[in-house]
């Protein structure tokens with residue numbers, strides 16, 4: 001893990017806050033929240049234990065809006081967040097932004113550009129920005145991001161934005177972490193409705209056509225209308241919400257209150273018949289299913305005899321002595337012997 | 001699970017072959033191979049046990065080509081397989097085709113169209129077609145597809161094609177099951193290089209521009225050249241292979257021998273310095289890591305006390321009594337008690 005995303009390393013460079021300090025300072029000191037999120041990304045036992053105590057004593061803010069912002073590279077996600085979050089701050093809200101940084105498949109390197117492109121927000125009172133560590137290092141973005149959302153709620157933020165790069169894997173995970181999924185699209189781009197993007201499009205609650213200013217404004221309007229008629233072909237989702245499309249530009253203030261209204265309309269819809277509470281409950285269940293799977297696996301994987309057998313089998317595969325199917329059969333025999341001891 | 005993909009149901013309608021029958025008939029009787037693949041997709045203990053004995057007694061053919069065919073809906077995957085596999089059969093090879101059928105995210109339904117569109121192949125001697133069951137039902141396409149590949153090799157097929165629908169998730173899994181990853185692309189489609197498809201493009205060893213006949217031929221040639229110059233910007237992969245692009249049409253025989261040569265060139269490259277053996281070894285390791293994770297998890301998940309606790313905790317989440325983080329903490333306490341008994 002590169003030094004700058006290794007939580008253990010980062011902490012060496014700063015003081016570690018006590019539970020009492022976290023309790024007292026989490027709402028006022030971004031350093032405290034940042035450190036807690038780093039500890040939630042860590043795999044060290046001490047960090048896990050500390051987080052447990054945090055979850056016990058701190059309370060989550062109600063009425064938080066959890067929103068995903070996604071879109072292909074270059075569509076203007078940072079500019080969007082710059083402009084819209086500034087507007088929210090000016091309206092008196094506290095805003096947290098968590099960019100999720102998946103690693104590119106072939107290079108295993110970071111494909112997130114410059115996270116500090118959100119300059120309008122840096123240093124503003126009431127704004128918190130913290131990129132999440134690589135998905136690959138942690139086996140998916142969901143567990144750590146879900147913990148980070150929880151911590152941001154404990155720190156009293158009103159809006160939590162999860163930004164993803166739009167390459168496809170993390171979007172499916174992030175869909176189950178947020179209330180509202182916003183997809184940013186370029187004006188023009190007629191092929192956008194085709195093929196691979198379709199799966200992500202189908203998850204979106206709101207499509208925003210970006211760069212709707214100057215010469216591109218009329219193109220953006222046509223795109224919005226095209227998407228609108230395309231969306232009318234989609235079936236409503238399980239919460240009876242019909243996805244909408246709207247314009248946005250980060251160069252002008254004219255779309256800000258319109259977007260406020262779109263977001264309000266979504267939440268008003270989701271409050272009906274207790275839908276939001278049900279949706280979040282469903283998400284909690286998914287997180288639990290995922291988490292328990294991991295807990296049970298690690299409990300056995302960390303046993304010396306099993307760990308050693310797995311290493312030996314892995315070597316036998318490398319030497320060509322065993323196929324993975326044969327190695328798994330051998331491991332299963334060891335597990336059958338151990339099984340008798342487990343109550 | 002719908003009846004037609006439920007292996008247990010399917011077997012009720014036909015006789016179950018014994019191990020001796022499988023050994024005697026697997027190379028000549030497609031019913032035997034088909035039933036073995038169904039049993040490999042099943043989660044029943046009896047099926048697992050039977051497969052173990054099959055893996056023990058049967059041998060895999062060497063010199064098999066494992067090839068993924070992917071591309072967006074409508075690009076012509078079925079027509080491609082129709083045309084190219086007919087050519088391989090005519091050249092004296094035995095060909096197995098395993099369409100992987102991921103489920104659409106929102107509808108949870110099948111998005112694979114008509115699997116029998118490969119009419120030119122149906123009933124031909126030496127061809128075997130069997131769609132794989134839904135990814136969601138089995139937690140990913142890899143474990144069952146990997147077993148199916150193994151069984152096809154035991155049945156003496158020379159070429160094994162894994163066809164995927166190109167929506168993004170299963171491609172990443174399938175990349176690690178095959179030697180050669182072929183991406184089919186439409187002529188034209190200038191946005192194809194943008195955004196979300198990029199990750200899949202980066203995995204491809206060979207891009208084939210389809211429909212290169214009649215009026216579209218010149219468009220296809222331009223597309224091929226565009227992709228060719230785009231590919232020159234990509235770095236070579238870890239096996240030093242530089243991806244290529246070529247034309248194809250299922251309406252004419254003119255591209256068949258060219259494609260033979262492209263595939264041969266790839267395998268010749270991968271035979272150098274033992275690359276193919278190393279690549280397959282790496283894939284075996286990945287399958288083992290994935291498989292052992294699942295084995296260890298299930299070993300504890302099937303214990304009565306743990307199973308019951310998980311169900312109780314899940315109910316507490318549904319009633320809003322516990323968050324998923326609190327539920328996981330409670331499960332961890334139970335596991336700590338059990339831990340002492342495990343040698």
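At-a-glance table
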| quantity | calculated |
| --- | --- |
| Residue within segment B:242-250 that is within 35 Å of the chain's Cα centre (by Cα), at pLDDT 95 or above and facing chain A (nearest Cβ under 10 Å) present | no |
| Residue that is surrounded by the fewest Cβ atoms within 10 Å (Cβ to Cβ) [pool: residues in segment B:327-343 that are part of a helix (DSSP H, G or I) and at the interface with chain A (Cβ under 7 Å from one of its Cβ atoms)] | B:339 |
| So residue B:258, is it out of contact with any helix residue (DSSP H, G or I) (no Cβ under 8 Å at 6 or more places or on another chain), under 22 Å from residue B:93 (Cβ atoms) and away from every other protein chain (no Cβ under 12 Å) | yes |
| Residue identified as over 22 Å from residue A:282 (Cβ atoms) and either free of Cβ contacts under 8 Å to residues at least 24 places away in the same chain or outside the structural domain of residue B:143 (by TED's automatic domain parsing) (or both) among B:311, B:302 | B:302 |
| Residues of segment B:314-325 that turn out to be more than 7 Å from chain A (Cβ to nearest Cβ) and assigned to a helix (DSSP H, G or I), as a count | 2 |
| Residue B:109 within 14 Å of the chain's Cα centre (by Cα) and at pLDDT below 90 | no |
| Residue within segment A:277-286 that is more than 12 Å from every other protein chain (Cβ to nearest Cβ) and over 22 Å from residue A:145 (Cβ atoms) present | no |
| Tally, over segment A:71-94, of residues that are modelled with pLDDT of 90 or more, outside any helix (DSSP H, G or I) and touching a strand residue (DSSP E or B) at 6+ places or on another chain (Cβ under 8 Å) | 2 |
| Candidate set: segment A:295-311, residues that are exposed (fewer than 15 other Cβ atoms within 10 Å of the Cβ) and farther than 23 Å from residue A:143 by Cβ; chosen: the one farthest from the other protein chains (Cβ to nearest Cβ) | A:308 |
| Sole residue being crowded, with 24+ Cβ neighbours inside 10 Å and modelled with pLDDT of 80 or more, chosen from B:162, B:149 | B:162 |
| Complete set of residues in segment A:268-294 that are within 13 Å of residue A:180 (Cβ to Cβ) and surrounded by 14 or more Cβ atoms within 10 Å (Cβ to Cβ) | A:269, A:270, A:275, A:276, A:279, A:280, A:283 |
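Results for (1) in contact with a helix residue (DSSP H, G or I) (Cβ under 9 Å, 6 or more places away or on another chain); (2) not assigned by TED's automatic domain parsing to the domain that holds residue B:201, shown as yes or no for each residue.
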residue: B:22; (1), (2): yes, yes
residue: B:25; (1), (2): yes, yes
residue: B:28; (1), (2): no, yes
residue: B:39; (1), (2): yes, yes
residue: B:73; (1), (2): yes, no
residue: B:82; (1), (2): yes, no
residue: B:94; (1), (2): yes, no
residue: B:100; (1), (2): yes, no
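Here is a yes/no grid of residues against (1) at pLDDT below 85; (2) under 26 Å from residue A:70 (Cβ atoms):
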| site | (1), (2) |
| --- | --- |
| B:182 | no, no |
| B:185 | no, yes |
| B:190 | yes, yes |
| B:222 | no, no |
| B:225 | no, no |
| B:229 | yes, no |
| B:237 | yes, no |
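The values are calculated or read from the model by the stated rules, or taken from the named source; none is laboratory data. Nothing here was measured: the structure is a model prediction, and the numbers come from that model. Note that each Cβ is placed from the backbone with ideal geometry, even for glycine, and that neighbours are counted across all protein chains shown.
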